[in-house]
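*Asks:* Sharing a structure here in structure tokens format.
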Amino acid sequence: MQEDLGNVSAKDHKKLILYILDSTALIAGQTDFSRKEFATTPSVLSEVMHDESVKNVVEVAVDCGQLEVSNPSEDNIREVERIAASTGDRIKLSRTDIDVLALALEKSKAGIDVVIISDDYSIQNLARRMGIKTVGIIHPGIRKQITWVAYCPVCRSEYGVSNLNVCTRCGVELKRRPAKL
Ligand SMILES: [Zn+2]
């Protein structure tokens, strides 16, 4: 497989980079499955498979072995939760976010060079704390307009499309996820 990454110097021997995808990355179509290796978690897929076009792309990629779907171990999930609690990010992270971070941590411990593709600030923040690289979603290539709906990660109140930043029931900072179509 040809990997051509500009910032890797030619004298380094080629090392595989594994891209870990969150829901925002899959919905935005940040996935040239023919050129790169990807991984994600079952919880991410459960958030995006309602979209037919995403579902088709994902199924083909899994069949071709370009997208690995796996659950991180409980140990790595607990480790991410511990780090998140210490940085104050715990409350901002959904269960799916934690899975994504734990999978990245697990692969990284296995010696794999990992990059998380995500537009979620809390994921980016915590990944940085764990020494894991992230890239945001590059918008010119965007395949689909995303509508973001707000929800409370603690009491699970749903706010739909809203400018609110804080849950009116429990005062916690709201998270946003792509709306189901
Ligand atoms: Zn709430």
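The values are calculated or read from the model by the stated rules, or taken from the named source; none is laboratory data. All values reported here derive from a predicted model rather than from experimental measurement. Cβ sites come from the backbone with ideal geometry, for glycine too, and all protein chains shown count toward neighbours.
*Asks:* Evaluate the range 144-155: report whether one residue or more is of a type in the set (K, R), modelled with pLDDT under 90 and more than 16 Å from the chain's Cα centre (by Cα).
*Replies:* Yes, the range 144-155 contains at least one residue that is of a type in the set (K, R), modelled with pLDDT under 90 and more than 16 Å from the chain's Cα centre (by Cα).
*Asks:* Filter the range 109-127 for residues that are at pLDDT below 90 and more than 15 Å from R90 (Cβ to Cβ) and give the result.
*Replies:* Those that are at pLDDT below 90 and more than 15 Å from R90 (Cβ to Cβ): S118, D119, Q124.
*Asks:* Within the range 156-170, can you find the residues that are closer than 21 Å to T96 by Cβ and among the hydrophobic types (A, V, I, L, M, F, W, C)? Break it down stepwise before answering.
*Replies:* Restricting attention to the range 156-170, the residues satisfying the condition of being closer than 21 Å to T96 by Cβ are 156-162, 165, 167, 170.
Once the filter is applied, which keeps residues that are closer than 21 Å to T96 by Cβ and among the hydrophobic types (A, V, I, L, M, F, W, C), the range 156-170 yields V161, C167, C170.
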